[in-house]
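Engineer: Submitted below is the structure of interest, expressed as structure tokens.
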Amino acid sequence: MISLFVAVGGYVGAFLILLAYFMVSHKRWNSRSEVFQLTNAIGAFLLAVNALYMQAYPFLILNTVWLAVALHALFKSGNDKSLAGSSKT
């Protein structure tokens, strides 16, 4: 049963990353937007879990880095907003 969840998670993860790419490529989302980065992060996490389960280590490394980049961008985006908000007097 766990393999079914991992497989479905892999398909959902792939869909999310492709969706994010499609939306940015067609200028519906900004590449710096939180929705783009969050979609990438969730997709990369699901694909990393799938890769770990399948013992596909190169794919695991790729998606772990992809996840780290997306989380870094999300964290930086959140800090930029809070810094911008705190500079108002």
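FYI, it's all coordinate maths here, none of it is from the lab. Keep in mind that this is a model prediction, so the values were computed, not measured. All Cβ positions, even for glycine, are placed from backbone atoms using ideal geometry, and neighbour counts span all protein chains on display.
Engineer: Using amide H atoms built 1.01 Å from N in the peptide plane, name the residues 5+ places from Trp29, or on other chains, whose amide H lies under 5 Å from its own.
Structural biologist: For Trp29, whose amide H was placed from the backbone, the distant partners under 5 Å are Val24.
Engineer: Compute the semi-axes of the equivalent ellipsoid of the chain, taking the square root of 5 times each eigenvalue of the Cα gyration tensor, and list them largest first in whole Å. Present the calculation step by step, with values, prior to reporting the outcome.
Structural biologist: Details: eigenvalues 170, 43, 21 Å².
Gyration-tensor ellipsoid for the chain: 29, 15, 10 Å.
Engineer: Dipole magnitude of the chain about its Cα centre, charges +1 at Lys/Arg Cβ and -1 at Asp/Glu Cβ only, in debye to the nearest 20?
Structural biologist: The dipole of the chain has a size of about 320 debye.
Engineer: Points 7 angstrom from Cα along the Cβ direction at Ser3 and Gln55: gap in nanometres?
Structural biologist: Here the modelled spin labels are 1.3 nm apart.
Engineer: Could I have the simple spin-label model distance between Ala14 and Val69, label points 7 Å from Cα toward Cβ, reported in nm to one decimal?
Structural biologist: That separation, rounded to one decimal, is 2.0 nm.
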